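Notes follow once the structure below has been shown.
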Amino acid sequence: MKICLAGTGAMGVIHMKALNKIAGVEVVSVNSRTQESGKAFAAEWGIPHYSTSLEESLDRPGVDAVILTTPSSMHADQTVMALGKGKHVQVEIPMSLNLRDAERMVEAATTSGKICMVTHTRRFSAPHREIRRRIQEGTFRLHHMVVETYFFRRENTNMHGQARSWVDNLLWHHGCHSVDLAQWILGDAHFDVWGQKGPDHPTLGIPMDMTVGMKSAMGPLYSMAMSFNNKGPFGGFYRYIGEEETYKVYRDSMTDSDGKEVPLDGPPAFDRQDVEFTSAIRDQRQPESSAQSCLPTMALLDKIDKAMSG
């Protein structure tokens with residue numbers, strides 16, 4: 001299977017590490033913003049071709065699929081274009097920055113008959129999968145899902161402190177991880193929502209702090225605090241408060257109310273999601289996080305965004 005990778009930033013590196021573990025998969029071209037970054041990335045990872053034109057990379061002989069790790073605002077148009085060329089697509093979150101573009105992506109996937117997968121990495125993380133399994137089998141009754149998402153982003157840099165060519169979005173990018181988990185874990189996309197945001201950064205032009213509240217039609221509550229102003233450990237910190245127990249999740253680990261590690265099975269989330277993408281292509285089936293299955297998340301984000309805007 002021949003794959004094109006678009007984007008040479010932090011997520012591009014993560015995908016290369018995961019893809020290199022999958023037998024029969026070869027990255028044959030990398031698309032980059034500049035010739036310099038593409039040349040360096042291709043040399044580092046042994047990729048035979050690089051280009052600043054995504055179309056040129058997609059048109060390389062035998063390319064089956066593309067993984068898009070490009071700036072958020074480019075995801076929708078690039079996905080539609082790649083699907084139109086008959087390529088399978090895995091696109092990083094957020095799939096788009098508004099609901100209409102997300103719907104357009106699903107329409108393009110349906111028309112093309114190709115796979116369009118969204119990298120909602122939390123769906124592939126062992127702790128969250130275990131919580132979902134326990135809820136579905138009735139051994140864990142969730143009352144409240146509490147999420148803290150923290151970064152220190154007063155300058156326009158990525159997770160490795162490198163300068164970004166685009167400005168991040170606290171709700172549609174980082175918030176979508178946790179909003180997606182809420183509806184996916186419960187199997188219910190019917191929520192009442194509210195939200196509030198702090199002032200915009202004077203130069204970045206984005207709100208740096210947000211709070212979000214949701215209530216499921218099934219009963220459980222959801223509370224999220226997000227900040228680009230937090231000095232300290234960064235990432236998403238999850239607390240699942242249930243009738244039987246309280247679990248805390250960070251990345252791929254989970255502890256109970258006594259602080260004891262909960263045994264979990266399965267590979268790291270980043271590895272699992274790329275295996276799912278390539279396996280879905282080989283098996284000619286829809287992946288777990290298909291674009292269609294992610295539309296409820298985009299609809300909820302749209303509701304939250306409108307609530308914040310008054």
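The values are calculated or read from the model by the stated rules, or taken from the named source; none is laboratory data. Source: prediction; values computed, not measured. Note: ideal-geometry Cβ built from the backbone for every residue, glycine included; neighbour counts use all protein chains shown. Please note that ligands, DNA and RNA were not included when accessible areas were found on the heavy atoms of the full protein model with its side chains. Shrake-Rupley method; radii C 1.70, N 1.55, O 1.52, S 1.80 Å.
Taking only pairs six or more apart or across chains, which ones have beta-carbon atoms under 7 Å, a first residue in the range 1-26 that is under 24 Å from Glu56 (Cβ atoms) and of a type in the set (Lys, Arg), and a second residue that is open to solvent by less than 60 Å² (accessible area, probe 1.4 Å) and assigned to a loop (DSSP other than H, G, I, E, B)? As it stands, the answer is Lys2/Gly62, since those pairs meet every condition given.
Determine whether the range 236-254 contains at least one residue that is more than 24 Å from Leu295 (Cβ to Cβ), among the hydrophobic types (A, V, I, L, M, F, W, C) and modelled with pLDDT under 95. No; the residues of the range 236-254 include none that is more than 24 Å from Leu295 (Cβ to Cβ), among the hydrophobic types (A, V, I, L, M, F, W, C) and modelled with pLDDT under 95. Among the residues of the range 210-250, those that are within 12 Å of His174 (Cβ to Cβ), in a strand (DSSP E or B) and touching a strand residue (DSSP E or B) at 6+ places or on another chain (Cβ under 6 Å) comprise Met210, Val212, Met224, Ala225, Met226, Ser227, Gly236.
Across the range 33-47, the qualifying residues are those that are of a type outside the set (D, E, K, R) and out of contact with any strand residue (DSSP E or B) (no Cβ under 6 Å at 6 or more places or on another chain), and the one among them that is farthest from Trp166 (Cα to Cα) is Gly46. Restricting attention to the range 224-275, the residues that are open to solvent by less than 40 Å² (accessible area, probe 1.4 Å) and touching a Gly at 6+ places or on another chain (Cβ under 9 Å) add up to 4. Each residue in the range 195-209 was checked for being surrounded by 15 or more Cβ atoms within 10 Å (Cβ to Cβ) and assigned to a strand (DSSP E or B), and 4 pass. Residues that are part of a strand (DSSP E or B) and either closer than 20 Å to Lys215 by Cα or touching a helix residue (DSSP H, G or I) at 6+ places or on another chain (Cβ under 9 Å) (or both) within the range 135-169 comprise Leu142, His143, His144, Met145, Val146, Val147, Glu148, Thr149, listed in sequence order.
Looking at the range 252-292, which of its residues are over 23 Å from Phe237 (Cα atoms), touching a residue at least 12 places away in the same chain (Cβ under 8 Å) and of a type in the set (Ser, Thr, Tyr)? Once the filter is applied, which keeps residues that are over 23 Å from Phe237 (Cα atoms), touching a residue at least 12 places away in the same chain (Cβ under 8 Å) and of a type in the set (Ser, Thr, Tyr), the range 252-292 yields Thr278, Ser290.
Scanning the range 36-77 for residues that are part of a helix (DSSP H, G or I), out of contact with any Ser or Thr (no Cβ under 6 Å at 6 or more places or on another chain), within 23 Å of Ala291 (Cβ to Cβ) and open to solvent by less than 30 Å² (accessible area, probe 1.4 Å) gives Leu54, Leu58, Ser72. Please verify whether the range 299-309 includes one or more residues that are in contact (Cβ under 8 Å) with a residue 40 or more places away in the chain, farther than 23 Å from His15 by Cα and open to solvent by 70 Å² or more (accessible area, probe 1.4 Å). Scanning the range 299-309 turns up at least one residue that is in contact (Cβ under 8 Å) with a residue 40 or more places away in the chain, farther than 23 Å from His15 by Cα and open to solvent by 70 Å² or more (accessible area, probe 1.4 Å). Filtering the range 52-106 to residues that are of a type in the set (Asp, Glu) and without any contact (Cβ under 8 Å) to a residue 60 or more places away in the chain leaves Glu55, Glu56, Asp59, Asp77, Asp101.
For every residue, the table says whether it meets (1) open to solvent by less than 30 Å² (accessible area, probe 1.4 Å); (2) under 28 Å from Phe228 (Cα atoms).
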{"position": "Glu137", "(1), (2)": "no, no"}
{"position": "Thr149", "(1), (2)": "yes, yes"}
{"position": "Asn156", "(1), (2)": "no, yes"}
{"position": "Arg164", "(1), (2)": "no, yes"}
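Conditions tested, residue by residue: (1) within 23 Å of Met224 (Cβ to Cβ); (2) under 17 Å from the mean Cα position of the chain (by Cα); (3) among the polar types (S, T, N, Q).
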{"residue": "Glu245", "(1), (2), (3)": "yes, no, no"}
{"residue": "Thr255", "(1), (2), (3)": "yes, no, yes"}
{"residue": "Val262", "(1), (2), (3)": "yes, no, no"}
{"residue": "Asp271", "(1), (2), (3)": "no, yes, no"}
{"residue": "Phe277", "(1), (2), (3)": "no, yes, no"}
{"residue": "Thr297", "(1), (2), (3)": "yes, yes, yes"}
{"residue": "Leu301", "(1), (2), (3)": "yes, yes, no"}
{"residue": "Asp305", "(1), (2), (3)": "yes, no, no"}
{"residue": "Ser309", "(1), (2), (3)": "yes, no, yes"}
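As a summary of the residue check, His143 satisfies the conditions (1) in contact with a strand residue (DSSP E or B) (Cβ under 6 Å, 6 or more places away or on another chain); (2) closer than 19 Å to Met11 by Cβ except for the one numbered (2). Inspect the range 276-296 for any residue being within 25 Å of Leu170 (Cβ to Cβ) and open to solvent by 80 Å² or more (accessible area, probe 1.4 Å) and give the result as yes or no. Within the range 276-296 (the criterion being within 25 Å of Leu170 (Cβ to Cβ) and open to solvent by 80 Å² or more (accessible area, probe 1.4 Å)), the answer is no, since none of the residues qualifies.
Please give the number of the condition Glu107 fails out of (1) assigned to a helix (DSSP H, G or I); (2) in contact with a Lys or Arg (Cβ under 6 Å, 6 or more places away or on another chain); (3) over 26 Å from Asp168 (Cβ atoms). (2) is the only condition that Glu107 fails.
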